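The values are calculated or read from the model by the stated rules, or taken from the named source; none is laboratory data. Predicted model only: the values in this text are computed from it and were never measured. Quick reminder, even Gly has a Cβ in these numbers, built from the backbone with ideal geometry, and neighbours come from all protein chains shown. Keep in mind that these areas ignore ligands, DNA and RNA; they rest on the heavy atoms of the full protein, side chains included. Shrake-Rupley method; radii C 1.70, N 1.55, O 1.52, S 1.80 Å.
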Number of protein chains: 2
Amino acid sequence: MKPGVSPDTFPPRSHEAKRISVVEAAASVFCREGFAGANIDLIAAEAGVSRQTVYNHHRDKEKLFVAVVRDLTERCNAGTFATIATFPDQPSNLEADLIGFAMRMNRNCICNRDGRFLRKLIQTEGERYPELFAEWREQGPGRTWSALAARFARLAYAGHLLIQDPDVAARQFLALINAELQITFMLGGTPPDDEVLQSATNGVRTFLNAFGRQKSASHAAKRSALVSA
Amino acid sequence: MKPGVSPDTFPPRSHEAKRISVVEAAASVFCREGFAGANIDLIAAEAGVSRQTVYNHHRDKEKLFVAVVRDLTERCNAGTFATIATFPDQPSNLEADLIGFAMRMNRNCICNRDGRFLRKLIQTEGERYPELFAEWREQGPGRTWSALAARFARLAYAGHLLIQDPDVAARQFLALINAELQITFMLGGTPPDDEVLQSATNGVRTFLNAFGRQKSASHAAKRSALVSA
DNA sequence: GACGAATTAGACAAGACTGTCTAATTTTGT
DNA sequence: ACAAAATTAGACAGTCTTGTCTAATTCGTC
C-alpha cells in the first residue's frame, strides 16, 4: 500500500475517536452476530481501523465485549434518568402528559439504538457473564424502577392517582405502554412511530382506568360507541 | 416404525428416538451458545449419538436449526391453544379464575422449557431467518392473540368486563401478568413459583381495575389501608 | 442365525478465526 | 521540524469447526 493521501475518511481521527469507533462498531457486530459469531476483522473494518488497533485498545475479544456492555449500560442509564426527570409531576392534562412521557421513554430509552443493542446483548449473552449483567441489573432496572415509582407515588400523594404499591404500578406502566410492541422487540426491530404512539396511548388509557380517580372519559365514550355498534 | 417394546432407558434407542434426542440436545445447545457458537460435536455428545448420526438425520447445521425452531414452535402453539381452552368463560369468581388462568399461561406457555427456548432463539437468531420467524409470528402470536381476544370479548358480552377493543385488552392482559418477570425473562432464567403468582395476581387485579365493571374489592381495601397508614 | 440398514469412531481436507509479531508509515506533542 | 507514540498491512502459528469419507460394529427384522 502506498498511501500518499489517506483514501479513508476525510481527516484522520484521533486516538480517542478510534476507541469510540471500535466500541460502536463492536456493539453493532456483537448484536448482529452474537459473541461467538462476531469477527474481529469485521469489527475493525466497520470501525475503519486495522485489526491491530482493536487489540491495542482492548486486549482481547472478551475485554472488548465487556467494554461494549459497560458503555451501553452507562449511556442507557443516563438517558433513562434524564427522561424520568421529565415526568409530569404537575400534570395539566394527566392522560396527555403521561402519553407524552411514555413516548419519551420509548423513544429515548427503549427503541433507540442503545436500548435495542443493550437489550439484545443481555438476552443473548446474559447467561455467559452473570456478574457483568448483575451489575447492569442493579444500576439499571433496579434504580430506574425505584425512581419511576417515586414519581408515581408523588402523583398519588397529590391526589391524581389511586395507587396501592408504587413499585408495582411503575412496572405495570412500563409493561402497558410497550404491550403492543413485544413482537417487534423480540425480533430486534424498531417499531414505526405510529405504532409506538398507539401502544403508548392504549397503555396509558388502561393505566388510568386502573389507577385514575375515575375511568377516563375516552373509555366511557368508546364504551357507549361499542354499545351502539 | 412400530415400537412394540420401547427400551427408553440406557439400552439402545430406536431411530426415531435418536432423531428426537438430537433435536432436543440441539435446542439446548443452540439456546446456550447461539447458532454460531453451537458445536455439532457437543450436540452429538449431549444427545448421546455420534456426529455422523446428526448429519444423517439433518443434512447440515442450518437444517438442524430450522428443525429445532419448527419443533419448538409446534409444541408451544399446541400448549398455548390447550391452555387458552381453559379460559374461564363462566367465571364464578372472576379475579380468582383469571389469576388461575394467568398462572396456567405462565407455567405452560411462557416459563416452561419450550417457551423459554423458543423465545431465546427468536431473540438471538430472529434477524437471521426472517421467513422462518415470520411463519412463527403468524402461526403463534397472531392466532394466539386472536383466540384470547375472542375469549375476552365473550366475557365482555356476558357483562363481566367493559372492553372497547378485545385485541388490545388481550395483549395488555399478557403484558400485565408478566410485568414483574421481565428481567428474569431477559436473562433467560425461570422465575420461582411465588414470583409468578405475585406477578399474575398483581396483573389480574390491575386488569380488573381497568376493565372490570367496578374497581375490585381488594383494591378498595388496600386503598383505605393506604389512607389509614 | 442372517441380511440390510443404521450407527459408530476416527481420520481427514478445507476453511475460518484469534491473537502475535514485524516492518513501514503516519500522527501527535513539543 | 523532530522524536515518540500510534497505526497500518500483512504474515503467521495454533486452534477450532464443518462436513465428508471409510471401515468396523450394532440393530431391526425376517
Solvent accessible area, Å² - residue B:62, 1.4 Å probe, full protein context: 100 Å²
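Looking only at other chains, what is the average number of their beta-carbon atoms within 10 angstrom of each beta-carbon in A:126-138?
Across A:126-138, the average partner-chain Cβ count within 10 Å equals 2.
For A:16, A:125, A:95, what's the largest-to-smallest order of accessible area, 1.4 Å probe?
Largest accessible area first, the residues go A:16, A:95, A:125.
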Please compare each pair in B:18/B:120; A:18/A:120; A:120/B:61; A:18/A:63; A:61/B:61 to a cut-off of 19 Å on the Cα-Cα distance and tell me which ones are over it. B:18/B:120; A:18/A:120; A:120/B:61; A:61/B:61
Sorted by chain and then number, the residues having a modelled amide H within less than 5 Å of the amide H of residue A:161, at least 5 places away or on another chain, are A:156
Dipole moment magnitude, nearest 20 debye, the protein assembly as shown about Cα centre, only Lys, Arg, Asp, Glu C-beta charged: 440 debye
With +1 at each Lys and Arg Cβ and -1 at each Asp and Glu Cβ, the charge dipole magnitude of chain A around its Cα centre, to the nearest 20 debye, comes out at 220 debye
Separation between Cα centres of segment B:149-181 and segment A:59-81, rounded to whole Å: 38 Å
Rg/Rh over Cα atoms for segment B:73-229, Kirkwood Rh, comes to 1.00
Once normalised by the length of segment B:74-228, the mean sequence separation of its alpha carbon contacts under 8 Å that are 6 or more apart gives a contact order in percent of 24 percent
At residue B:93, label 7 Å along Cα→Cβ: distances to the other copies, nm, ascending? 4.3
Diffing segment A:49-58: the Karplus 3J(HN,Hα) column from phi (6.51, -1.76, 1.60, θ = phi - 60°), in whole Hz with x for Gly and Pro, holds 10, 7, 4, 4, 4, 4, 6, 5, 6, 10
Mind giving me the nanometre distance, one decimal, between the label points for residue A:113 and residue B:96, set 7 Å out from Cα along Cα→Cβ? 5.5 nm
Once every DSSP H run of n ≥ 4 in the protein assembly as shown is given -39500 (n - 2.57) and the sum is divided by its residues, what mean residue ellipticity at 222 nm do you get, rounded to the nearest 500 deg cm²/dmol? -22000 deg cm²/dmol
Using only Cα atoms and rounding to the nearest 10 degrees, what angle (0 to 90) does helix B:217-228 make with the longest principal axis of chain B? 70 degrees
Three-way shape label, the protein assembly as shown, alpha-carbon gyration tensor, a/c 1.5: oblate
Quantify, in whole percent, the carbon and sulfur part of the accessible surface of chain B (1.4 Å probe; protein heavy atoms only). 54 percent
Given label points at 7 Å from Cα along Cα→Cβ, what nm distances, shortest first, separate residue B:128 from the same residue in every other copy? 1.2
Counting only other chains, and only Cβ atoms inside 10 Å, what mean value do you get across the residues of A:112-124? 2
Indicate the gyration tensor shape class of segment A:90-167 (rounded, prolate or oblate), computed on the Cα atoms with a ≥ b ≥ c the square roots of the eigenvalues: a/c under 1.5 is rounded; otherwise a/b larger than b/c is prolate and the rest oblate. oblate
Please give the charge dipole size of segment B:13-58, origin at the Cα centre, charges +1 on K and R Cβ atoms and -1 on D and E Cβ atoms. Round to the nearest 20 debye. 120 debye
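Determine the shape class of segment B:20-133: with a ≥ b ≥ c the square roots of the Cα gyration tensor eigenvalues, call it rounded for a/c under 1.5, and otherwise prolate if a/b is greater than b/c, oblate otherwise.
Prolate, since a/c reaches 1.5 and a/b exceeds b/c.
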Interchain or long-range residues, amide H under 5 Å from residue A:13's placed H: none
At a 1.4 Å probe radius, which order do B:157, A:55, B:129 fall into by accessible area, largest first? B:157, A:55, B:129
Candidate aspartates and glutamates - alpha carbon under 16 Å from residue A:215, same-chain residues fewer than 8 apart omitted: A:95, B:165
Evaluate peptide B:164-172: per residue, the Cβ atoms of other protein chains within 10 Å of its Cβ; return the mean as an integer. 6
With the label 7 angstrom out along Cα to Cβ, how close does residue B:59 come to the same site in each of the other copies, in nm, nearest first? 4.5
Sorted list, accessible surface of protein heavy atoms, 1.4 Å probe, largest first, for A:15, A:160, A:58 is A:15, A:160, A:58
